[in-house]
Amino acid sequence: MTPQQENPQPGEGGFLKNLWKTLMRPSGRFSLGTLVVAGAIGGILSWGGFNWAMEMTNTETFCLSCHEMEDNVYREYKNTIHYNNRTGVRATCPDCHVPKEWGHKVMRKIQASNELYHHFLGTIDTREKFEAKRITLAKNVWRVMKRTDSRECRNCHSFDYMDLKMQESRARKRHVDALDEGKTCIECHKGVAHELPEGVYEAEREVVNESGG
């Protein structure tokens, strides 16, 4: 074996090999217990920082930091019962659009990176652009909610705890039918927080056909 083979140069993988050996070599300055404690503290801080960032981006204030939201859907939402009602119970943007379960929440945050991309592109940065895209945006949300059985709606609403006898006759009949037919909230409750786009009925049929319903 030549000297060059015994001491590979950084460009030949020697750097990575030496780095790995250094990381795996027992420390002469710190005890194993110290290293374990330091690693645990570092892990806790990293995990805490990650969750802190998750929660910071999971507030209505953060949602409204994009003017597309504040100037369009938020203004509509302020005129609905989800914003202002006799009981004072309010559903905020994350309540309806971000899952509670951690795994689903992380996936939703990853998907939201596409929304940031379009924010910086200026895809819907004017009212005119937003209205032109409204039906497409609505269908995207309807598809997701139908696929997840309106998961975020069920954070507050549940058939299991509805007292149907206390509902007005039309609502009671529709909820009974929905239970019998296995329907999900978004199939009947489009437009409860945002204005319905033009072409909504054609779009509804399209989404139903896609799902095989």
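The values are calculated or read from the model by the stated rules, or taken from the named source; none is laboratory data. Keep in mind it's a predicted model, so treat the numbers as computed, not measured. We place every Cβ from the backbone using ideal geometry, glycine too, and count neighbours over all the protein chains shown.
Here are a few things to note about the model shown:
- The single condition from (1) under 19 Å from Asn155 (Cβ atoms); (2) in contact (Cβ under 8 Å) with a residue 12 or more places away in the chain; (3) exposed (fewer than 13 other Cβ atoms within 10 Å of the Cβ) that Arg127 fails is (1).
- Here Ile110, Ile186, Ile124 are screened, and the one residue that is part of a helix (DSSP H, G or I) and either among the hydroxyl-bearing types (Ser, Thr, Tyr) or within 16 Å of Cys63 (Cα to Cα) (or both) is Ile110.
- Complete set of residues in the stretch 147-175 that are aliphatic (A, V, I, L, M) and within 30 Å of the chain's Cα centre (by Cα): Met162, Ala171
- Which listed residue is touching a helix residue (DSSP H, G or I) at 6+ places or on another chain (Cβ under 9 Å), charged (D, E, K, R), in a helix (DSSP H, G or I) and closer than 19 Å to Gln111 by Cβ, from Arg143, Arg154: Arg143
- Some residue of the stretch 115-124 being farther than 27 Å from Cys188 by Cβ and at pLDDT below 90: yes
- Given (1) assigned to a helix (DSSP H, G or I); (2) over 16 Å from the mean Cα position of the chain (by Cα); (3) within 25 Å of His82 (Cα to Cα), number of the condition Ala132 does not satisfy: (3)
- Residue match in the stretch 139-158 (condition: under 17 Å from Glu76 (Cα atoms) and hydrophobic (A, V, I, L, M, F, W, C)): yes
- Test: residue in the stretch 100-107 that is more than 26 Å from Glu204 (Cα to Cα) and among the acidic types (Asp, Glu): yes
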